[in-house]
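Contents: one structure, followed by commentary.
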Amino acid sequence: MIEVKNVTKKFGRKKVLQGVSFTANKGEITCLIGVNGVGKTTILNGIVNLTPMSSGEILIDGEKLTKETYEKVAFIPDAITMLPHMRIEEAMQFMQDFYNSWNNERAEELLQFFKLKKEDRISSLSKGNVAKANLLLGLALDVDYLLMDEPFSGIDIFSREQIADVFTSHLVEDRGVIITTHEINDIEHIIDKVVLLDDGIVFKEFETEEMREVEGKSVVDVMREVYRG
Amino acid sequence: MKITFNKRDPVYVQVVQHFKEQIVSGKYELGQEIPSRRELANQLKINPNTAQRAYKEMEEAGLIFTEGNNPSRITKDEQVLRDLRTELIEGAVDRLIAAVEPVNIPIDELIGLIQEKYEEQRRGQV
Amino acid sequence: MNNYLKLVNFELGRFIKIYFILAGITIASQLIATVLVANNYMKLFNEEIYTNGMTTEQFVETHGEFSLLHVQYSQLFDFPIIFAAATLIIYSFFIWYRDWLGKNTFIYRLLMLPTARINIYLAKASAIFLMVLGLVALQVILLNVESNILKWMVPANLRVDLGIMEFIGNAVGGFSVGLIIPTSFIEFLIHYGVGFMVVFILFTAILFERSYRFKGIAYGIGYAIIAFVVFFAPFVVEMILGKSYLYPIELFILEVLLWVVVTGVSIWVSNYLLNKKVTV
């Protein structure tokens, strides 16, 4: 379980996060929803210590982050984290060199799944294929938790469908996933849990199936209530 | 297999409903093997947890059964099938009645209309 | 340790193309300088002997014997050294900023490697250091090659053959060679020890900027000033008092201690910043 406890973050005088708390379970897909600039990316950066938080605590399976945590939690930012001139195979080699949790079989499978060519240079790929290559580098790690920042933004519809398929496949199954998005439509049916953020706080945290069952509301219904109400 | 989900009913309820319709219509035969939870999630593009939940509900309702480590199967119990058939038909008729009730239409006219439209649709499908 | 070495290898690989270009420029430029200068000398010799009727002895008396020392006055000889040094100094900044700037988010990857983050810092510093030493080694080899070119172009009676150390000891025109290849091992340690310390201080200042951004620039500059003041404190004190209280050997030992302190603190502060403060 990833626990975010009363986390705050200031950039200069601007308070981006003002006491955010939520949990994300293993084996579930948790979705951080909010308009742009609401601090979703900052939260993910905070979980993997790419940006220090001003206060609060973040625990992963009850422990604070150490260097070993990066073998257990993979963060996939919204831009690829490899050098543009690298070929996909070189990027894969880099990952294999540094991560014990790198699973080369899975990587090969993902190459096929996404129809990517190993020998292509990252700089020569289309936007959609860069997003897929980026995803590949994260998904091929045998980690318990995957954090994905806006995996659907700025790419074509077919790439979006392909990426959405990942979530319903064994590539994600049993792992804990946190994804951020401002566009819920593509994935409403595949997420377990929603954390609605606004003005640097958690407005609402709920299980999607429970919300449909008990209140008969879709995720978008709830968002409408929260953001317009 | 493709289902268009609505967004307000729980997905697992919609999956169960889909299975009931398939069983009653005979597209699934009694005792037939069904996809694993993972396969189902993948086919329907739903969360594996949701597929799991749907199967659990169906198992509890006796619609499917699992022996040991074998794949799950549709029930072999004819009685369950009959009950299911009644449930679906009665449910549909209840909804129809509720819908036409405010219009206050005489029963004969309604039956005639149903017959006409139903046959028309069947012909259309063939 | 293993990851550190992989990172050093990776950092070297990222700069290798430009590095080879630097080496290429150095080789080409210095060889051309050697040939040109030797050629000019021989032209002058022929002119004086055949046109002006000088004897060889008179020529040597007037114009001096030829040696590598003539070559180092050529700008073509000095330029690549200064150019390579400047490039490596600029790259000492760029080796960090290239991971952040533009669309590049490679710093995400580096910071998320399952290894102590200080290894990134040490690997970058090591890469710079290895590249500097590599160019120095190249220069030593080049001096030998150039010396042989002279033997081939200038007759023995017009020429003095200098060993590398003799050459460096006497090289004054081009300051660069004397600076990059000191004549004694101790001097070598001092030059490159101080150089390495400066790299560590610079990296720490960069990490201050990367951690606190605008305010960090001030912190970084402040840190660098303090570090230099501490390191050079014994000299500053002596200058102010106008007296020397320490024997050279005492001063040397004190400086070694201060070097350890400044370098150690830089690494320690950087480790802290990388783990607790740095942001993508």
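The values are calculated or read from the model by the stated rules, or taken from the named source; none is laboratory data. Computed from a predicted structure; not experimentally measured. Here the Cβ is made from the backbone with ideal geometry for all residues, glycine too, and neighbour counts use every protein chain on show.
Quick look at the numbers
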{"read-out": "Some residue of the stretch B:54-68 being in a helix (DSSP H, G or I), within 14 Å of chain A (Cβ to nearest Cβ) and of a type in the set (K, R)", "value": "yes"}
{"read-out": "Strands (runs of 3 or more DSSP E) contained entirely in the stretch A:163-229, each with at least 2 residues that are of a type outside the set (K, R) and within 17 Å of the chain's Cα centre (by Cα)", "value": "A:176-181, A:193-198"}
{"read-out": "Residue among B:T66, B:T75, B:T4 that alone is touching a Leu at 6+ places or on another chain (Cβ under 9 Å) and modelled with pLDDT under 90", "value": "B:T75"}
{"read-out": "Residue in the stretch A:19-27 that is buried (at least 20 other Cβ atoms within 10 Å of the Cβ), outside any strand (DSSP E or B) and either modelled with pLDDT of 95 or more or of a type in the set (G, A, S) (or both) present", "value": "no"}
{"read-out": "Subset of the stretch A:56-93 (residues that are within 11 Å of chain C (Cβ to nearest Cβ), farther than 22 Å from A:G128 by Cα and buried (at least 16 other Cβ atoms within 10 Å of the Cβ))", "value": "A:L65, A:K67, A:T69, A:Y70, A:E71, A:K72, A:V73"}
{"read-out": "Whichever residue in the stretch A:190-201 is at the interface with chain B (Cβ under 9 Å from one of its Cβ atoms) and crowded, with 22+ Cβ neighbours inside 10 Å and, among such residues, is nearest to A:V219 (Cα to Cα)", "value": "A:I191"}
{"read-out": "Residue in the stretch B:90-112 that is within 14 Å of another protein chain (Cβ to nearest Cβ) and under 30 Å from A:F206 (Cβ atoms) present", "value": "no"}
{"read-out": "Those residues of the stretch C:33-57 which are touching a Ser or Thr at 6+ places or on another chain (Cβ under 9 Å), in a helix (DSSP H, G or I) and not hydroxyl-bearing (S, T, Y), in sequence order", "value": "C:A33, C:L36, C:V37, C:F45, C:E48, C:I49"}
{"read-out": "Count - residues of the stretch C:265-280 that are away from chain A (no Cβ under 11 Å) and either in contact with a helix residue (DSSP H, G or I) (Cβ under 7 Å, 6 or more places away or on another chain) or surrounded by 17 or more Cβ atoms within 10 Å (Cβ to Cβ) (or both)", "value": "6"}
{"read-out": "Within the stretch B:32-48, considering residues that are under 14 Å from B:M58 (Cα atoms) and part of a loop (DSSP other than H, G, I, E, B), the one nearest to the other protein chains (Cβ to nearest Cβ)", "value": "B:S36"}
{"read-out": "Qualifying residue in the stretch A:121-135 (condition: charged (D, E, K, R), farther than 30 Å from A:E68 by Cβ, surrounded by fewer than 21 Cβ atoms within 10 Å (Cβ to Cβ) and more than 14 Å from chain B (Cβ to nearest Cβ))", "value": "yes"}
{"read-out": "Top-ranked residue in the stretch A:94-110 [being among the hydrophobic types (A, V, I, L, M, F, W, C) and over 20 Å from the mean Cα position of the chain (by Cα); ranked as nearest to the other protein chains (Cβ to nearest Cβ)]", "value": "A:F98"}
{"read-out": "Top-ranked residue of the stretch A:1-46 - restricted to ones that are of a type in the set (A, V, I, L, M, F, W, C) and within 14 Å of chain B (Cβ to nearest Cβ), ranked as farthest from the chain's Cα centre (by Cα)", "value": "A:A24"}
{"read-out": "B:I105, sole failed condition from (1) outside the structural domain of B:S25 (by TED's automatic domain parsing); (2) part of a helix (DSSP H, G or I)", "value": "(2)"}
{"read-out": "Some residue of the stretch A:150-158 being touching a His at 6+ places or on another chain (Cβ under 8 Å) and within 14 Å of another protein chain (Cβ to nearest Cβ)", "value": "yes"}
{"read-out": "Among the residues listed as C:K243, C:K215, the single one being surrounded by fewer than 15 Cβ atoms within 10 Å (Cβ to Cβ), at pLDDT below 95 and within 14 Å of chain A (Cβ to nearest Cβ)", "value": "C:K215"}
{"read-out": "Residues of the stretch B:24-48 satisfying the condition of being of a type outside the set (D, E, K, R) and in contact with a helix residue (DSSP H, G or I) (Cβ under 6 Å, 6 or more places away or on another chain)", "value": "B:V24, B:Y28, B:L40, B:A41, B:I46, B:P48"}
{"read-out": "The stretch C:97-154 - residue that is among the polar types (S, T, N, Q) and surrounded by 17 or more Cβ atoms within 10 Å (Cβ to Cβ) and, of those, farthest from the other protein chains (Cβ to nearest Cβ)", "value": "C:S147"}
{"read-out": "Among the residues listed as C:V262, C:V256, the single one being assigned to a helix (DSSP H, G or I) and within 30 Å of C:I107 (Cβ to Cβ)", "value": "C:V262"}
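Residue-by-condition table, conditions (1) under 25 Å from B:L40 (Cβ atoms); (2) surrounded by 10 or more Cβ atoms within 10 Å (Cβ to Cβ); (3) touching a residue at least 40 places away in the same chain (Cβ under 8 Å); (4) of a type outside the set (A, V, I, L, M):
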{"residue": "B:T66", "(1), (2), (3), (4)": "yes, yes, no, yes"}
{"residue": "B:N69", "(1), (2), (3), (4)": "yes, no, no, yes"}
{"residue": "B:L81", "(1), (2), (3), (4)": "yes, yes, yes, no"}
{"residue": "B:L84", "(1), (2), (3), (4)": "yes, yes, yes, no"}
{"residue": "B:V93", "(1), (2), (3), (4)": "no, yes, no, no"}
{"residue": "B:P102", "(1), (2), (3), (4)": "no, no, no, yes"}
{"residue": "B:I111", "(1), (2), (3), (4)": "no, yes, no, no"}
{"residue": "B:E116", "(1), (2), (3), (4)": "no, yes, no, yes"}
